[in-house]
Amino acid sequence: MNSTLLLKKLYKRNLQPVLTDLKFAIALLLIIALFSITGTVIEQGETLDFYEANYPLHPALFGFLSYKVILAIGLNHVYSTWWFLSILVLFGTSLIACTFSRQLPMLKVARRWSHYTRAKSFEKLPLSTALEGRSLDQLAPVLAQKGYRLFQTDDKLYARKGLVGRIGPIIVHASMILILLGAIGGALTGFVAQEMIPSGQTFAITNITEAGIWARPWLPKDWLVRVNRFWIDYTPGGTIDQFYSDLSVLDKDGNEVDRKTIHVNEPLRYKGVTLYQANWDVAAIRFQVNQSPIIQLPMTKLQDVNNKAKAWGTWLPTKPDLSAGVTLITPDLQGTFLIYGTDGQLMDTIRVGGSSEINGVTVKLKDVIGSTGLQIKADPGVPIVYAGFGLLMLGVVMSYVSYSQIWALQVGDRLYVGGKTNRAQVGFEAELLEIIDRMAGSTPSLSAV
C-alpha cells in the first residue's frame with residue numbers, strides 16, 4: 001500500500017508535469033511527423049541490393065545517409081522499429097495523462113452550475129448589465145428559445161449551452177489515441193509479402209518480406225491464389241498504359257471463393273489481406289522446332305550497364321544435342337523477339353504466332369508468358385485508424401461549438417444579467433443584446449470588462 005502511494009506521489013510530482021506539458025506533446029508530434037516523412041521518402045521494405053545501389057557509401061546522400069546508416073537505424077522499415085513504436089506509446093501516454101488530468105476535470109467543472117447571489121459578482125463577468133423593471137420570468141423563455149439549458153430558483157438563474165464544445169477536445173484526444181493504437185497494432189500484427197507469379201500458376205503467400213511479432217495469426221493458411229491471366233495494355237506509342245492480373249482465390253479444396261481483375265490502385269481484398277498490382281516480368285516463351293512438341297523455356301531479365309533499360313533473353317537450342325542455338329531477346333510483352341546468332345549479329349525478328357528459319361530448322365513462336373508482380377499486405381490496424389480519423393473529424397467540429405454561460409439575479413425591480421463564452425466573443429455579445437432586446441422595453445447598453 002505504501003509503495004502504491006509512493007508511486008502515485010512520484011507520478012504526480014515528476015512524471016505528470018512532463019507528460020501533460022503542451023510543449024512536450026508538440027515536440028513528440030513533430031518527431032513523429034519527421035520520421036513519418038523519412039519513411040515516405042526512403043523506400044521501405046526493399047532488398048539489400050536496392051539500398052546499396054541507391055544509397056552508396058561514396059558519395060553518401062547529404063554526406064552521411066548511406067545504406068549502412070539506413071539499415072543500422074531501421075529507416076528501411078521505420079514504422080515497425082522499436083524506437084518509432086516507443087515514441088508512439090509515449091505520445092499516447094501523454095494524451096491519456098492530459099485527458100485525465102485536464103480535459104475531464106474541465107468537463108466536470110463545465111457541468112457544474114451555481115447561482116450568483118450578489119449583484120457585485122456580475123462586475124467580474126466580461127459582459128453584464130442591469131435592467132430596470134425586468135424579471136426572470138421575462139428572461140427565461142427567451143433563453144430557452146435560444147437553446148440554453150436553465151437552472152432557476154426564485155430570484156436566481158443560471159443558463160448554459162454548447163457543452164458539446166467542452167466534450168470536443170476529449171473526443172479529439174480519444175481519436176488520436178485510437179489512431180495510435182491502430183498504428184501500433186498494425187505494426188505488431190501486420191505483414192508485407194511480394195510474389196512474382198507466371199500466368200496460370202497457383203501460389204500460397206510465403207515470400208514474407210516484413211512482419212510484426214504477432215503477425216502469425218493473420219498469415220493465410222487455408223486459401224491460395226491463382227493467376228488466371230496477366231496482360232499489359234500498351235499505348236499507340238508503345239509505352240505501358242496499364243497492366244492487369246485476373247486473380248482467383250481458392251479454398252483448401254481448390255474451389256473458387258473470390259475473383260477479381262486487379263490493376264494499379266484497384267487491389268483484391270480477401271480476409272483482411274490486400275493484393276496490389278505492383279510489378280511485372282517476362283517469365284517464359286513457348287515454341288516449337290519443326291514438328292516437335294511445344295517446349296517452354298524460362299526468360300532471364302537483362303539490364304544495361306546503367307541498370308536502366310529492361311530486356312529479357314533466353315538461349316534457344318536448334319539441335320537435339322544442344323550444340324547449336326540462338327539467343328532470343330525481347331523488351332516487353334508485346335510479342336516481338338530479336339534473334340541473335342553466336343557471333344552476336346542480328347539474324348531475324350519474330351513475333352508470337354510467327355516462324356523463322358534458323359540453322360536449318362523452323363522455329364515457331366507459340367506464346368510469351370508474363371509474370372505478375374504482387375505486393376501483398378495485411379494491416380489489422382487499418383479499420384481502427386480509419387475509425388480514429390472519423391472520430392477526429394467529429395471531435396474537431398464539436399470543438400468549434402462555443403460554450404456560453406449566462407447568470408441573472410433579481411433584486412427588487414432590478415434584474416442583473418451577465419455572461420461569458422470561451423470563443424466567438426463578438427457573436428455572443430450580439431446574442432446577449434438580442435436576448436435583452438426581446439424582453440419588453442428599450443435595450444440597455446452592455447458593460448464589457
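For the range 220-247, which residues satisfy the criterion of being under 15 Å from ILE376 (Cβ atoms) and either basic (Lys, Arg) or within 28 Å of the chain's Cα centre (by Cα) (or both)?
Of all residues in the range 220-247, those under 15 Å from ILE376 (Cβ atoms) come to 220-221, 223-227, 245, 247.
Result: PRO220, LYS221, TRP223, LEU224, VAL225, ARG226, SER245, LEU247.
May I ask you to list the residues in the range 267-288 that are free of Cβ contacts under 8 Å to residues at least 60 places away in the same chain and aliphatic (A, V, I, L, M)?
The first filter runs over the range 267-288 and keeps only residues free of Cβ contacts under 8 Å to residues at least 60 places away in the same chain, leaving 267-271.
Correct list: LEU268 only.
Rundown of residues vs (1) closer than 29 Å to ALA278 by Cβ; (2) touching a residue at least 60 places away in the same chain (Cβ under 8 Å); (3) buried (at least 19 other Cβ atoms within 10 Å of the Cβ), yes/no style:
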| position | (1), (2), (3) |
| --- | --- |
| PHE337 | yes, no, yes |
| THR342 | no, no, no |
| VAL352 | yes, no, no |
| GLY360 | no, no, no |
| SER371 | yes, yes, yes |
| VAL382 | yes, yes, no |
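Please indicate, with yes or no, whether at least one residue in the range 293-313 is crowded, with 17+ Cβ neighbours inside 10 Å, among the charged types (D, E, K, R) and in a strand (DSSP E or B).
no
Show the residue pairs that are 6+ apart or on different chains and have beta-carbon atoms under 6 Å apart, the first residue being within the range 96-119 and assigned to a helix (DSSP H, G or I), the second being loosely packed, with under 13 Cβ neighbours inside 10 Å.
ALA119/VAL411
Answer yes or no: is there a residue in the range 397-412 that is in contact with a helix residue (DSSP H, G or I) (Cβ under 7 Å, 6 or more places away or on another chain) and surrounded by fewer than 17 Cβ atoms within 10 Å (Cβ to Cβ).
yes
Please verify whether SER128 is closer than 30 Å to ARG438 by Cβ and part of a strand (DSSP E or B), treating the condition exactly as stated.
Values: closer than 30 Å to ARG438 by Cβ: yes; part of a strand (DSSP E or B): yes.
Yes.
If you check LYS124, LYS120, LYS221, LYS156, which single one turns out to be among the basic types (Lys, Arg) and buried (at least 16 other Cβ atoms within 10 Å of the Cβ)? Outline the logic, then answer.
Values: LYS124 fails: buried (at least 16 other Cβ atoms within 10 Å of the Cβ); LYS120 fails: buried (at least 16 other Cβ atoms within 10 Å of the Cβ); LYS221 fails: buried (at least 16 other Cβ atoms within 10 Å of the Cβ).
Within the list LYS124, LYS120, LYS221, LYS156, the selection yields LYS156.
When the range 324-364 is examined, which residues are found to be part of a loop (DSSP other than H, G, I, E, B) and either under 17 Å from ILE295 (Cβ atoms) or within 47 Å of the chain's Cα centre (by Cα) (or both)? Talk me through it step by step, then tell me what you get.
Taking the range 324-364 and keeping what is part of a loop (DSSP other than H, G, I, E, B), we get 324, 331-335, 341-345, 352-354, 359-360.
ALA324, PRO331, ASP332, LEU333, GLN334, GLY335, VAL352, GLY353, GLY354, ASN359, listed by residue number.
Please tell me if GLY373 is modelled with pLDDT of 90 or more and more than 30 Å from GLN288 (Cα to Cα). Give the derivation first.
On the way: modelled with pLDDT of 90 or more: yes; more than 30 Å from GLN288 (Cα to Cα): no.
No, not satisfied.
Go through the range 67-90 and report how many residues are closer than 21 Å to ILE31 by Cα, without any contact (Cβ under 8 Å) to a residue 24 or more places away in the chain and surrounded by 13 or more Cβ atoms within 10 Å (Cβ to Cβ).
Taking the range 67-90 as the starting set, the residues that turn out to be closer than 21 Å to ILE31 by Cα are 69-90.
Filter once more, keeping what is without any contact (Cβ under 8 Å) to a residue 24 or more places away in the chain: 69, 71-74, 81-83, 86.
Now narrow it down to the ones that are surrounded by 13 or more Cβ atoms within 10 Å (Cβ to Cβ): 69, 71, 73-74, 81.
Of the residues in the range 67-90, 5 are closer than 21 Å to ILE31 by Cα, without any contact (Cβ under 8 Å) to a residue 24 or more places away in the chain and surrounded by 13 or more Cβ atoms within 10 Å (Cβ to Cβ).
When LEU409 is evaluated against the numbered criteria (1) within 30 Å of VAL282 (Cβ to Cβ); (2) part of a strand (DSSP E or B), which criterion, by number, is the only one it fails?
Answer for LEU409: the failing condition is (1).
Among the listed residues TYR244, TYR276, TYR270, which satisfies the condition of being in contact with a Pro (Cβ under 8 Å, 6 or more places away or on another chain) and at negative phi?
Of the residues listed, the single one that is in contact with a Pro (Cβ under 8 Å, 6 or more places away or on another chain) and at negative phi is TYR276.
Quick one: in the range 19-49, which of the residues that are over 17 Å from the mean Cα position of the chain (by Cα) and under 16 Å from LEU85 (Cβ atoms) is surrounded by the fewest Cβ atoms within 10 Å (Cβ to Cβ)?
ILE31
The values are calculated or read from the model by the stated rules, or taken from the named source; none is laboratory data. Since the model is a prediction, treat every value here as computed from it, not as a measurement. In this analysis, Cβ positions are derived from the backbone assuming ideal geometry, glycine residues included, and neighbour counts consider all displayed protein chains.
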